[in-house]
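Just below is one structure, and these are the notes that go with it.
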Amino acid sequence: MPRFSREAEGALRLAGWVPDRRVDLDQWKASLSEFTWHAAAESFLQEFGGIRVEISGPGITCAREPFEFDPELAIGEGGKFAELSELFGRRFFPLGEVGQGEFFLAIDEEGAIYLLGAWALRHGVGDVALEHLVTGVAPERLSPLT
């Protein structure tokens, strides 16, 4: 069974992804000292870090928007990530942005990918989240811990 749909794989490959792609994380680790790295963030960024997927138009349940995996786009936002991590009981690490920088993309320690604003929307885990981002599947709203 293929890892991605034909549409998702095509969009990812056009952005520079290939199977078994590996990115050196040393520069990001040096520049992102305000964030606490975890294994899921390292694994994801080693494979997908540095790509920008240029998509638009209607999707399955929401509009498709371009997204970029560059965690340095969140430099200076460590406090916001810490606050949201505490509020939702997750350890969010920045992955990049969606749209034209309207929302951050983040990953938790279990590999689930989120859109972050003043709230958190969950896209799913790993490949499922990438499939949803490319094909325009609306994320689920995450409830804060009370």
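The values are calculated or read from the model by the stated rules, or taken from the named source; none is laboratory data. All of these numbers come straight from a predicted model, not from anything done at the bench. For neighbour counting, all protein chains shown are included, and Cβ atoms are generated from backbone atoms with ideal geometry for every residue, glycine included.
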Being touching a residue at least 40 places away in the same chain (Cβ under 8 Å), under 20 Å from ASP24 (Cα atoms) and touching a helix residue (DSSP H, G or I) at 6+ places or on another chain (Cβ under 9 Å) narrows it down to one residue among PHE67, PHE48, PHE44; which is it? PHE48
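For every residue, the table says whether it meets (1) closer than 21 Å to VAL125 by Cβ; (2) part of a loop (DSSP other than H, G, I, E, B).
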position	(1), (2)
TRP17	yes, yes
ARG22	yes, yes
GLN27	no, no
TRP37	yes, yes
PHE44	yes, no
LEU87	yes, no
Quick check: anything in segment 9-32 acidic (Asp, Glu), touching a helix residue (DSSP H, G or I) at 6+ places or on another chain (Cβ under 6 Å) and farther than 18 Å from GLY111 by Cβ? no
Taking segment 14-32 and the residues there that are in contact (Cβ under 8 Å) with a residue 24 or more places away in the chain and basic (Lys, Arg), the one that is surrounded by the most Cβ atoms within 10 Å (Cβ to Cβ) would be ARG21
Within segment 1-13, residues surrounded by 12 or more Cβ atoms within 10 Å (Cβ to Cβ) and not in a helix (DSSP H, G or I) come out as ARG3, PHE4, SER5
Unique residue being under 30 Å from ARG13 (Cβ atoms) and out of contact with any helix residue (DSSP H, G or I) (no Cβ under 9 Å at 6 or more places or on another chain) when the list is LEU87, LEU116, LEU105, LEU73: LEU73
Given the criteria under 14 Å from PHE69 (Cβ atoms) and at pLDDT 95 or above, does ALA106 qualify? yes
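Let's see how each residue does on (1) farther than 26 Å from LYS80 by Cα; (2) of a type in the set (A, V, I, L, M, F, W, C); (3) in contact with a strand residue (DSSP E or B) (Cβ under 7 Å, 6 or more places away or on another chain):
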{"residue": "PRO2", "(1), (2), (3)": "yes, no, no"}
{"residue": "SER5", "(1), (2), (3)": "yes, no, no"}
{"residue": "LEU12", "(1), (2), (3)": "yes, yes, yes"}
{"residue": "ALA15", "(1), (2), (3)": "yes, yes, yes"}
{"residue": "ASP26", "(1), (2), (3)": "no, no, no"}
{"residue": "LEU32", "(1), (2), (3)": "no, yes, no"}
{"residue": "TRP37", "(1), (2), (3)": "no, yes, yes"}
{"residue": "GLU47", "(1), (2), (3)": "no, no, no"}
{"residue": "ILE55", "(1), (2), (3)": "yes, yes, yes"}
Are any of the residues in segment 47-63 surrounded by 12 or more Cβ atoms within 10 Å (Cβ to Cβ), at pLDDT 95 or above and part of a helix (DSSP H, G or I)? yes
Could you list, in sequence order, the residues of segment 119-146 that are surrounded by fewer than 19 Cβ atoms within 10 Å (Cβ to Cβ), part of a helix (DSSP H, G or I) and out of contact with any helix residue (DSSP H, G or I) (no Cβ under 8 Å at 6 or more places or on another chain)? ASP127, VAL128
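Looking at segment 105-117, is at least one residue part of a loop (DSSP other than H, G, I, E, B), surrounded by fewer than 15 Cβ atoms within 10 Å (Cβ to Cβ) and not β-branched (Val, Ile, Thr)?
Looking through segment 105-117, at least one residue is part of a loop (DSSP other than H, G, I, E, B), surrounded by fewer than 15 Cβ atoms within 10 Å (Cβ to Cβ) and not β-branched (Val, Ile, Thr).
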